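**Student:** Can you read through this structure? Questions will come right after.
The values are calculated or read from the model by the stated rules, or taken from the named source; none is laboratory data. Bear in mind the structure is a predicted one, so any value in this text is a computation, not a measurement. Every residue, glycine as well, gets a Cβ built from its backbone with ideal geometry; the counts of neighbours run over all protein chains shown.
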Amino acid sequence: MSTLQQLIEARNIPVPEDFFTKVEQYKVLLEKWNKIHNLTGAKDLGQVDDFIVDAVTPLTFLPPLKKAMDIGTGAGFPGMILAIAMPETRFTLVEPLSKRFSFLQFVKADLGLDNVEVKGVRVEQLDPSPYDLVTSRAVTDTRMLMSLSEPFCTEGTLLLFYKGEKVYDEIDESLDYTIIEAENRHYLLIKR
């Protein structure tokens, strides 16, 4: 059993049976591409495992979802990892940087992820369309994320922003929100 599997099982994070096989494939691709294209700041595979656990921890509190969007997916955190863990959910991964967009497209094809669509544009360039969930990690502050997410929200849309300790400084008290604290991470969940 891999260390990653132990970490995920210890936290009771519900992932599908093929999750670990696909994530191991993803990690091999990330390591290869990262050497050439510098896609992520992760220093080693242990840190990549931490990013993966960080990405899927919300599965412990998210409801089933049909359609999700990740703004600024980067090297795949959290959007690609969530898409691997939630095969019944259609994911739109938005990443304007061409080297990251190309990597995400390659991962989608290599892993056979039919539930993923990758958009190589800025989120502001997309046509408005409602989603059940909009996620983002390490992109910008909460107010700006709310503004970027607005064209993709409908009543009941969940916004899930992966934040650090400063999340408490970014909260608008008028929002319907919950902060879920985990090791090294705060998950800001806002209901529209």
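**Student:** Hey, among the residues in segment 35-50 that are of a type in the set (A, V, I, L, M, F, W, C) and more than 11 Å from residue 107 (Cβ to Cβ), which one's surrounded by the most Cβ atoms within 10 Å (Cβ to Cβ)?
**Tutor:** So the first thing to find is which residues in segment 35-50 are of a type in the set (A, V, I, L, M, F, W, C), and the list is 36, 39, 42, 45, 48.
Adding the requirement that they be more than 11 Å from residue 107 (Cβ to Cβ) leaves 36, 42, 45, 48.
Values: 36: 8, 42: 19, 45: 14, 48: 22.
This residue is 48.
**Student:** Scan segment 7-57 residue by residue and report those that are more than 20 Å from residue 184 (Cβ to Cβ) and of a type in the set (Phe, Trp, Tyr).
**Tutor:** Answer for segment 7-57, where residues must be more than 20 Å from residue 184 (Cβ to Cβ) and of a type in the set (Phe, Trp, Tyr): 19, 20, 26, 33.
**Student:** Quick one: in segment 87-106, which of the residues that are in contact with a helix residue (DSSP H, G or I) (Cβ under 6 Å, 6 or more places away or on another chain) and touching a residue at least 40 places away in the same chain (Cβ under 8 Å) is farthest from residue 23 (Cα to Cα)?
**Tutor:** 99
**Student:** Name the residue, out of 83, 75, that is touching a residue at least 12 places away in the same chain (Cβ under 8 Å) and touching a helix residue (DSSP H, G or I) at 6+ places or on another chain (Cβ under 7 Å).
**Tutor:** Numbers: 83 fails: touching a helix residue (DSSP H, G or I) at 6+ places or on another chain (Cβ under 7 Å).
Going through 83, 75 in turn, the sole match is 75.
**Student:** Working only within segment 16-34, note down all residues that are modelled with pLDDT of 95 or more and either aliphatic (A, V, I, L, M) or over 17 Å from residue 104 (Cβ atoms) (or both).
**Tutor:** Within segment 16-34, 16, 18, 19, 20, 21, 23, 24, 28, 29, 30 meet the criteria.
**Student:** Name the residue that is surrounded by the fewest Cβ atoms within 10 Å (Cβ to Cβ), counting only residues in segment 118-139 that are touching a residue at least 60 places away in the same chain (Cβ under 8 Å) and under 13 Å from residue 72 (Cβ atoms). If you could, list the steps in order and put the result at the bottom.
**Tutor:** To start, the set of residues in segment 118-139 that are touching a residue at least 60 places away in the same chain (Cβ under 8 Å) comprises 130-139.
Subset that is under 13 Å from residue 72 (Cβ atoms): 134-139.
Numbers: 134: 28, 135: 29, 136: 26, 137: 21, 138: 13, 139: 18.
Looking at residues that are touching a residue at least 60 places away in the same chain (Cβ under 8 Å) and under 13 Å from residue 72 (Cβ atoms), I get 138.
**Student:** List, please: which pairs have Cβ atoms under 6 Å, are six or more places apart or on different chains, and start with a residue in segment 163-183 that is free of Cβ contacts under 8 Å to residues at least 40 places away in the same chain and farther than 22 Å from residue 72 by Cα and end with one that is in a strand (DSSP E or B) and of a type in the set (Gly, Ala, Ser)?
**Tutor:** none
Residues checked against (1) over 11 Å from the mean Cα position of the chain (by Cα); (2) crowded, with 22+ Cβ neighbours inside 10 Å; (3) not aromatic (Phe, Trp, Tyr):
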| residue | (1), (2), (3) |
| --- | --- |
| 4 | yes, no, yes |
| 33 | yes, no, no |
| 74 | no, yes, yes |
| 95 | yes, yes, yes |
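**Student:** Right, another one. Report yes if residue 82 is buried (at least 18 other Cβ atoms within 10 Å of the Cβ), modelled with pLDDT of 95 or more, under 14 Å from the mean Cα position of the chain (by Cα) and closer than 19 Å to residue 163 by Cβ, otherwise no.
**Tutor:** For residue 82, the condition - buried (at least 18 other Cβ atoms within 10 Å of the Cβ), modelled with pLDDT of 95 or more, under 14 Å from the mean Cα position of the chain (by Cα) and closer than 19 Å to residue 163 by Cβ - is met.
**Student:** Looking for whichever is under 18 Å from residue 185 (Cβ atoms), touching a Lys or Arg at 6+ places or on another chain (Cβ under 9 Å), of a type outside the set (A, V, I, L, M, F, W, C) and modelled with pLDDT of 95 or more here; the options are 92, 73. Which one fits?
**Tutor:** Numbers: 92 fails: under 18 Å from residue 185 (Cβ atoms).
Answer to the check: 73.
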